[in-house]
Each structure stands twice: as structure tokens, then as C-alpha cells.
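The values are calculated or read from the model by the stated rules, or taken from the named source; none is laboratory data. The structure presented is a predicted model; accordingly, all values stated were derived computationally and were not measured. Backbone-built Cβ (ideal geometry, glycine too); neighbour counts: all protein chains shown. Please note that ligands, DNA and RNA were not included when accessible areas were found on the heavy atoms of the full protein model with its side chains. Shrake-Rupley method; radii C 1.70, N 1.55, O 1.52, S 1.80 Å.
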Amino acid sequence: MKILAMNAFTEEVVELKKWAQENKQDLTITETPLTTENIDQVKGFDALSVQQVVPLGSPAVYAKLAEFGIKQIAVRSVGYEFIDLAAAKANGLVVTNVPVYSPRSVAEYVLAQTMRLLRHLNQFEENAIQHDFTWLGKISPELSELTIGIIGAGHIGSAVAQIFHALGSQIMINDPVENPDLAGFATYTDLTTLLTASDVVTLHVPLTSQTMKLLSTESFAKMKASAYLINAARGQVVDTPALIQALKSGTIAGAALDVWTGEGPYFDYDWQGKDLNNSELETLLTLPNLILTPHIAFFTKNSVHNIAYTALNEAVRGASGQPVKHPVN
Ligand code: NAD
């Protein structure tokens with residue numbers, strides 16, 4: 001089978017090639033996303049896999065794919081908002097995604113950032129660079145003394161619960177759906193109780209109309225002044241100006257953000273030497289009690305391996321008329 005995998009990043013290319021070798025498939029990899037302008041390069045292939053943020057293009061793109069004999073689009077990510085599902089369906093194209101690839105990847109990021117925040121590691125490291133080796137005033141609690149508040153305990157939140165439980169923390173969860181695997185050690189509670197009682201609040205909800213700006217000025221006011229927030233879910237779940245205010249005023253002690261509302265043009269790109277031209281981002285970067293990472297919580301070898309293998313297996317199933325495992329349309 002001739003398969004085209006588009007817009008692959010360096011680490012993905014390694015896994016995609018490994019998959020092709022193991023499965024004895026004829027795989028072509030490109031570094032560009034699929035657009036109206038380059039649609040003709042799909043001609044001659046049996047199966048297509050994409051991963052991108054830019055929309056796939058006009059409905060004519062989907063008609064062209066069907067005309068080229070493509071029966072499916074295997075997306076190499078959870079999100080597929082760049083695909084017009086109705087246009088895909090109208091042209092007989094089955095769209096698949098990779099709904100779960102490694103909950104542990106994000107959960108381990110949460111553990112790492114919790115430790116950085118609790119132990120003031122960023123501040124000690126920055127001080128050391130300035131030749132300031134003092135440490136008084138920055139005492140830390142240990143994990144066994146802490147309550148970890150998890151908002152949204154699906155795949156990732158459950159992995160977070162298991163890790164921190166294993167390390168001796170108390171676990172509090174706010175989620176309308178209870179996971180029986182966590183029932184033995186986690187306390188399910190309402191959002192206000194969680195915010196009030198937790199030492200670390202970590203977000204793992206999807207972005208929906210209910211979770212948009214779920215954490216606002218009122219939420220931060222309910223949290224302990226010694227508490228930390230971690231957001232590795234979606235930027236829009238947090239009201240960023242309210243968070244900046246809470247961090248500046250000491251309403252909460254600190255935060256780690258892997259996602260941010262305005263991340264689109266910035267995360268994944270090198271802006272060194274260029275004017276950021278975004279006052280919110282510039283403010284975030286000046287806050288001593290905030291750690292910002294460019295949406296990398298997922299970025300482990302295991303995740304990239306699972307994404308590549310799951311998507312390409314789906315591509316083969318879809319193209320050969322077998323039932324796919326992760327259809328989204
Ligand atoms: P999931 O669907 O498995 O779990 C989401 C959980 O949130 C579910 O249990 C659901 O019941 C719960 N939930 C929904 N609305 C809620 C609400 N209003 N209040 C409380 N709980 C609510 O999702 P997942 O795979 O665990 O992903 C969680 C988040 O992590 C998503 O936002 C996803 O986009 C994000 N994510 C980020 C990265 C990264 O690299 N930073 C990687 C993967 C996923």
C-alpha cells in the first residue's frame with residue numbers, strides 16, 4: 001500500500017519510518033501540511049495521514065481526495081478541528097484520530113512541574129546564575145503532606161491521581177464522571193471544596209462551553225495563598241488576566257502553564273531576537289512565580305511512537321475497507 005504521511009516533525013519521522021519498515025509498507029513522508037495548493041501530491045497514494053493546525057482547505061479538497069481514490073484521512077493527533085467533517089463524509093472519507101496516546105506523558109509533566117514549583121527550583125537556579133546562593137525563606141512541603149486537586153480525571157487526570165497517590169499525597173477530584181479505579185483512594189468533591197482544600201490544583205478537562213474560563217478571579221480567591229496551579233489542558237480553561245493578577249497579588253503562590261490562550265503563533269516557533277508584540281505573553285514571562293512551557297507535556301518518546309503507530313494502522317484499515325478503531329465522523 002502507498003501511504004502519504006504529511007507534515008511530520010523530526011521525532012515523528014523516526015517512528016513513522018520504523019512503522020513502515022515493520023509493516024512492510026511504502027511510506028512517503030512530507031514536512032508540509034495538506035492545503036488546497038498542494039492537494040495534487042496526494043494523487044497516486046492509497047492512504048493519507050495528516051497532522052496540522054491549518055485547515056485542510058475548501059470542500060473541493062475533499063472532493064479531490066475522493067477523486068484520487070482516497071477513502072480515509074488518518075489524523076495523527078487527538079484534535080481534528082482542522083478537518084471539515086461534513087465535507088469529508090459527503091465525499092465518503094472516513095476520518096480517524098488518536099484519542100489516547102500516553103496519559104502518563106502529561107501526568108509526568110504535572111509531577112515535574114509540581115516539584116519545580118514546590119521546591120522553588122526555578123528561583124534557586126536563577127538566583128545561582130546571579131551568584132545569589134541564599135536559601136532562607138523558601139522552605140517547601142513534601143508530597144506526603146499535600147492534597148492534589150484534580151479537575152477532570154479522565155485518561156490524564158486518572159494517571160495524575162495514580163502517580164501522586166503512589167507518592168503519598170491525598171487526592172481530591174472534581175469530575176461529574178467517577179472512575180471506579182480511583183474510588184479507593186480519591187475523594188470526589190465539588191469544585192469549591194477542591195479549590196479551597198488543595199495545595200496543587202491541576203487541570204485535565206477538555207475545552208467545552210462549560211470549561212471555558214473555568215478558573216477565574218473568584219476561583220483563585222478560593223484557593224490557598226500557598227497553593228499552585230498547573231494547566232496542561234487547554235489555555236482557554238483559565239482566565240489568563242485573572243491568573244496574572246492572582247500571581248502578582250500573592251492570591252496563589254505560583255503556576256505552571258503548558259498551554260496558553262494566545263499560544264497559536266508562538267508555541268512551536270523560535271522567536272529569539274524578534275519582538276513578541278504580545279503584552280500578555282511578555283507579562284507571563286516576567287512573573288517569577290510562573291513557569292511557562294510551549295505545549296510539550298505530551299512530548300515523550302512513548303507518545304510519539306503511539307501516535308505514529310495508531311494513526312498509520314488506522315490509515316491501512318481505512319484504505320483497505322476494514323473497520324477503523326477511532327472514527328470521528
Ligand atoms: P478525557 O476526555 O479522557 O478526560 C476529561 C475528563 O474531564 C473526563 O473525565 C470528563 O468527565 C471531565 N470533565 C469534563 N467536563 C468537566 C467539568 N466541567 N468539570 C470537571 N470535569 C470535567 O481527556 P484527557 O485525554 O484526559 O485530556 C484532558 C485534557 O488534556 C484535554 O484538554 C486535552 O486537550 C489536554 N491534553 C494536553 C496535552 C499537552 O501536551 N499539554 C496532551 C494531551 C491532552
Can you give me the number of residues within segment 280-329 that are buried (at least 17 other Cβ atoms within 10 Å of the Cβ) and part of a helix (DSSP H, G or I)?
-> 19
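Residues checked against (1) under 23 Å from the mean Cα position of the chain (by Cα); (2) within 14 Å of the ligand (Cβ to nearest atom); (3) at positive phi:
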residue: Leu146; (1), (2), (3): no, no, no
residue: Gly157; (1), (2), (3): yes, yes, no
residue: Gln170; (1), (2), (3): no, no, no
residue: Leu182; (1), (2), (3): yes, yes, no
residue: Asp199; (1), (2), (3): yes, no, no
residue: Thr208; (1), (2), (3): yes, yes, no
residue: Thr211; (1), (2), (3): yes, yes, no
May I ask you to list pairs of residues, at least six apart or on different chains, whose Cβ atoms are under 7 Å apart, with the first in segment 215-240 being over 12 Å from Leu257 (Cβ atoms) and the second being open to solvent by less than 20 Å² (accessible area, probe 1.4 Å) and within 16 Å of the ligand (Cβ to nearest atom)?
-> Ser219/Leu195; Lys222/Leu195; Met223/Leu195; Met223/Val201; Ala227/Ser198; Ala227/Val201; Asp239/Leu215
What number goes with the only condition from (1) in contact (Cβ under 8 Å) with a residue 60 or more places away in the chain; (2) open to solvent by less than 30 Å² (accessible area, probe 1.4 Å); (3) farther than 13 Å from Val94 by Cα that Ile70 does not pass?
-> (3)
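If you scan segment 46-64, which residues turn out to be in a helix (DSSP H, G or I) and of a type in the set (Gly, Ala, Ser)? Step through it out loud before you land on a result.
Just the residues of segment 46-64 that are in a helix (DSSP H, G or I), to begin with: 59-64.
Residues satisfying the conditions are Ala60, Ala63.
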Out of curiosity, is Gln245 more than 19 Å from Thr208 (Cβ to Cβ), in a helix (DSSP H, G or I) and not small (Gly, Ala, Ser)?
-> yes
With the checklist (1) open to solvent by 10 Å² or more (accessible area, probe 1.4 Å); (2) out of contact with any helix residue (DSSP H, G or I) (no Cβ under 9 Å at 6 or more places or on another chain); (3) touching a residue at least 40 places away in the same chain (Cβ under 8 Å) in hand, flag the one item Val205 doesn't pass.
-> (2)
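Provide a single number: the residues in segment 290-312 that are more than 12 Å from the ligand (Cβ to nearest atom) and either charged (D, E, K, R) or in contact (Cβ under 8 Å) with a residue 60 or more places away in the chain (or both). I'd like the intermediate steps shown before the answer.
If we filter segment 290-312 for residues that are more than 12 Å from the ligand (Cβ to nearest atom), which is where we start, we get 290-292, 301-302, 305, 308-312.
Subset that is either charged (D, E, K, R) or in contact (Cβ under 8 Å) with a residue 60 or more places away in the chain (or both): 291, 301-302, 305, 308-312.
The qualifying residues number 9.
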The lone exception for Ala166 - which of (1) within 11 Å of the ligand (Cβ to nearest atom); (2) surrounded by fewer than 21 Cβ atoms within 10 Å (Cβ to Cβ); (3) within 16 Å of Arg104 (Cα to Cα) it fails | (1)
Given the structure, is Ala255 modelled with pLDDT of 95 or more, closer than 17 Å to Leu214 by Cα and in a loop (DSSP other than H, G, I, E, B)?
-> no
Filter segment 73-113 for residues that are of a type in the set (D, E, K, R), over 21 Å from Phe45 (Cα atoms) and touching a residue at least 60 places away in the same chain (Cβ under 8 Å) and give the result.
-> Arg104, Glu108
